[in-house]
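K.L.:
Quick one: this structure, given as structure tokens, is what I'll be asking you about.
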Amino acid sequence: APDHSIEFILLFPRHSLQLLIQHLTLREKKENKTICTPTNLHQYVSAILAVLRYSHHILPDLQDRIEYYQTWTHLLNQIDKPIKERRMKQLPTVKQQQRGGSSLTYQDLVQKRDSDVLEMYPRLLLSFYTYLYPVRADYFATEIVSGNTLPKSPNFIRLHDGYAELTLKDFKTAKVFKQIHYPKLPEELYRILLQSLDDSPRTYLFETNGKPFTRHNFSEWASKLLSHTFGTELNLTMLRHLFISTISMELPVIELKKIGDLMGHSFTQQKLYKWNSVEMESDDDS
């Protein structure tokens, strides 16, 4: 069989992996970007394992399918070694290292937030992601209501007399965590919010052309705004990483769980979250 056929790939694991690495390395040179990474190799080999396990119509007469599966699994474990070591050492991925935002610290975010040079939306965005534990792109359609008004959106801020309350019910892990709720926003964040509403009266926390964002559009908009503000590539996922890097995993479990609940992820995920792979996280944060 030709060396590009699926049958050849399944039957000659080591040679096929070598050809894949050669191909990705050649693409790196042609396209001038990082492609042959452990994460990408992991995804390719995982797909091959899925074919062996679930697509028995391919090479239906293969006698030693389990042995081939075990060989590919062994190769996957070898590929995963640097990934696991990076996660244990809490280091950024290759692609993250190439992003300028990976060199920032959480304190850089706070200092920029408190500077006098920011316009309304950059300050408001940074404020909601630093005065509160940073969520994902969950402020995309956060409605602002007053008193006992019923919100139309599952994510909303309720303005009371002298304070504001935040409720998020539409987020990635809502089936597990149900809602992210702050009965009372920090006073400085409340002040910044009211000032932004005085400067630009609106129905939603963040709007585009007078309308709420979609989750995807908010993620893209926030990435562009953060990158422009800091003069380097930065998105919401990286911002969450920067925050997590400030947390000591020696804190009591109950405190870590509280932080995780308000970020919408588990305590276990939190322990591995420092510079975990953006590509593998599927966070819709560009």
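The values are calculated or read from the model by the stated rules, or taken from the named source; none is laboratory data. This one's a predicted model, so the numbers in the text were calculated from it and none came from an experiment. Heads up, the Cβs are rebuilt from the backbone with ideal geometry, glycines too, and the neighbour counts pull from every protein chain shown. The accessibility values were calculated without ligands, DNA or RNA, using every heavy atom of the protein model including side chains. Shrake-Rupley method; radii C 1.70, N 1.55, O 1.52, S 1.80 Å.
K.L.:
Here's a check for you: in the stretch 196-217, which residue that is out of contact with any strand residue (DSSP E or B) (no Cβ under 9 Å at 6 or more places or on another chain) and in a helix (DSSP H, G or I) is surrounded by the fewest Cβ atoms within 10 Å (Cβ to Cβ)?
P.N.:
That would be 198.
K.L.:
Tell me, please, whether a residue that is in a helix (DSSP H, G or I) and open to solvent by less than 40 Å² (accessible area, probe 1.4 Å) can be found in the stretch 20-33.
P.N.:
Yes, some residue in the stretch 20-33 is in a helix (DSSP H, G or I) and open to solvent by less than 40 Å² (accessible area, probe 1.4 Å).
K.L.:
Mind listing whichever residues of the stretch 155-195 are farther than 16 Å from residue 206 by Cβ, open to solvent by less than 30 Å² (accessible area, probe 1.4 Å) and in a helix (DSSP H, G or I)?
P.N.:
Answer for the stretch 155-195, where residues must be farther than 16 Å from residue 206 by Cβ, open to solvent by less than 30 Å² (accessible area, probe 1.4 Å) and in a helix (DSSP H, G or I): just 174.
K.L.:
Further, regarding this structure: In the stretch 200-229, how many are over 25 Å from the mean Cα position of the chain (by Cα) and either closer than 14 Å to residue 125 by Cβ or modelled with pLDDT under 95 (or both)?
P.N.:
3
K.L.:
Give all pairs with beta carbons closer than 6 Å in which a residue from the stretch 107-125 that is touching a residue at least 12 places away in the same chain (Cβ under 8 Å) meets a residue that is assigned to a helix (DSSP H, G or I) and surrounded by fewer than 14 Cβ atoms within 10 Å (Cβ to Cβ); count only pairs at least 6 apart in sequence or on separate chains.
P.N.:
120/199
K.L.:
Moving on. Can you tell me which of 93, 105 is modelled with pLDDT under 90, within 30 Å of residue 240 (Cα to Cα) and of a type in the set (Ser, Thr, Tyr)?
P.N.:
None of the others qualify; the one that does is 93.
K.L.:
Considering only the stretch 173-223, state which residues are under 22 Å from residue 149 (Cα atoms) and of a type in the set (Phe, Trp, Tyr).
P.N.:
182, 190, 204, 206, 213
K.L.:
With the requirement that a residue be assigned to a loop (DSSP other than H, G, I, E, B) and aliphatic (A, V, I, L, M), what does the stretch 218-261 give you?
P.N.:
Across the stretch 218-261, the qualifying residues are 234, 247, 249, 251.
K.L.:
A follow-up question, please. Does residue 40 fit the bill of being among the polar types (S, T, N, Q), buried (at least 16 other Cβ atoms within 10 Å of the Cβ) and at pLDDT 90 or above?
P.N.:
yes
K.L.:
Please indicate, with yes or no, whether at least one residue in the stretch 140-153 is surrounded by 15 or more Cβ atoms within 10 Å (Cβ to Cβ), farther than 30 Å from residue 34 by Cβ and modelled with pLDDT under 95.
P.N.:
no
K.L.:
For the stretch 45-56, state whether one or more residues are assigned to a loop (DSSP other than H, G, I, E, B) and either among the small types (Gly, Ala, Ser) or over 32 Å from the mean Cα position of the chain (by Cα) (or both).
P.N.:
Yes, because at least one residue in the stretch 45-56 is assigned to a loop (DSSP other than H, G, I, E, B) and either among the small types (Gly, Ala, Ser) or over 32 Å from the mean Cα position of the chain (by Cα) (or both).
K.L.:
In addition: For the stretch 218-234, how many residues meet the condition of being farther than 16 Å from residue 105 by Cβ and buried (at least 20 other Cβ atoms within 10 Å of the Cβ)?
P.N.:
Within the stretch 218-234, residues that are farther than 16 Å from residue 105 by Cβ and buried (at least 20 other Cβ atoms within 10 Å of the Cβ) number 4.
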